[in-house]
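The values are calculated or read from the model by the stated rules, or taken from the named source; none is laboratory data. Just so it is clear, the structure is predicted and the values come from calculations on it, not from any experiment. Methodologically, a virtual Cβ is constructed for each residue, glycine included, from the backbone with ideal geometry; neighbour enumeration extends over all protein chains shown.
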Amino acid sequence: MAYAGFLRASEFTTTRKHAAHTLQHRDVVIAHDSVKLRLRSSRTDQHKAGSSMELPATGRPVCPADAAQRYLELRPLPVTHDEAFFVLHDSSPLTKGIFGSHLKNLPHLNGYSTHSVSIGAATEASNQSPAPEEIQQAGRWKSSCYNGYIRNKKYTMGLHAYHSIGCSISVWGL
């Protein structure tokens with residue numbers, strides 16, 4: 001979901017026990033053909049108005065809607081609807097620190113960080129050759145700073161593996 005939605009780690013993780021600013025259980029609606037997200041706040045959302053997006057089902061092995069559904073089947077039951085959507089096995093909210101630590105410790109993702117999700121999404125989108133303004137819109141960037149997230153092909157070997165198992169960035173026209 002994070003990759004397909006160009007999500008920043010701060011949009012789906014928390015830094016504190018209370019998860020008022022992060023993606024909450026009630027902010028995710030899963031249907032057979034998509035998953036809808038309501039982002040409460042974002043780094044680029046200066047007025048904290050929030051935004052919504054719909055990630056279409058791809059029918060491929062890595063599909064945002066299918067991944068969200070599989071996650072819910074494994075996730076501990078929420079106590080309340082304002083509980084963080086992504087939680088650990090003990091129901092504590094997923095923090096940015098824990099997410100980053102897990103990324104760094106995965107042997108096949110050596111050198112990845114929390115920014116790698118946005119970098120990968122922007123780079124893959126660029127490789128698919130959409131118009132620059134579509135990449136900017138999909139990542140909710142307010143300026144051309146999105147260009148800093150696009151990497152040269154020699155740095156995208158991991159993306160090719162991800163793409164080869166069926167990931168598709170199809171969030172154009174949010």
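Below is a table of values for the structure above.
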quantity	calculated
Residue match in region 97-107 (condition: of a type in the set (S, T, Y), in contact with a helix residue (DSSP H, G or I) (Cβ under 7 Å, 6 or more places away or on another chain) and more than 22 Å from H25 (Cα to Cα))	no
Selection within region 120-166 - out of contact with any Asp or Glu (no Cβ under 8 Å at 6 or more places or on another chain), at pLDDT 80 or above, among the hydrophobic types (A, V, I, L, M, F, W, C) and under 19 Å from C63 (Cα atoms)	A121, A122, A138
Residues of region 38-61 satisfying the condition of being surrounded by 14 or more Cβ atoms within 10 Å (Cβ to Cβ), modelled with pLDDT of 80 or more and either of a type outside the set (S, T, N, Q) or in contact with a helix residue (DSSP H, G or I) (Cβ under 7 Å, 6 or more places away or on another chain) (or both)	R38, L39, R40, M53, E54, L55, P56, A57
D90, sole failed condition from (1) surrounded by fewer than 16 Cβ atoms within 10 Å (Cβ to Cβ); (2) in a helix (DSSP H, G or I); (3) at pLDDT 85 or above	(2)
Any hit, region 99-114, residues being in contact with an Asp or Glu (Cβ under 8 Å, 6 or more places away or on another chain), without any contact (Cβ under 8 Å) to a residue 40 or more places away in the chain, part of a helix (DSSP H, G or I) and crowded, with 17+ Cβ neighbours inside 10 Å	no
So Y71, is it part of a loop (DSSP other than H, G, I, E, B), surrounded by 13 or more Cβ atoms within 10 Å (Cβ to Cβ) and of a type outside the set (A, V, I, L, M)	no
Filter result for Y149 (within 21 Å of L37 (Cβ to Cβ) and either surrounded by fewer than 17 Cβ atoms within 10 Å (Cβ to Cβ) or under 19 Å from the mean Cα position of the chain (by Cα) (or both))	yes
Any pair with Cβ under 7 angstrom, 6 or more apart, that starts in region 45-74 at a residue that is on the phi > 0 side of the Ramachandran plot and ends at one that is among the charged types (D, E, K, R) and surrounded by 14 or more Cβ atoms within 10 Å (Cβ to Cβ)	G50/R38; G50/R40
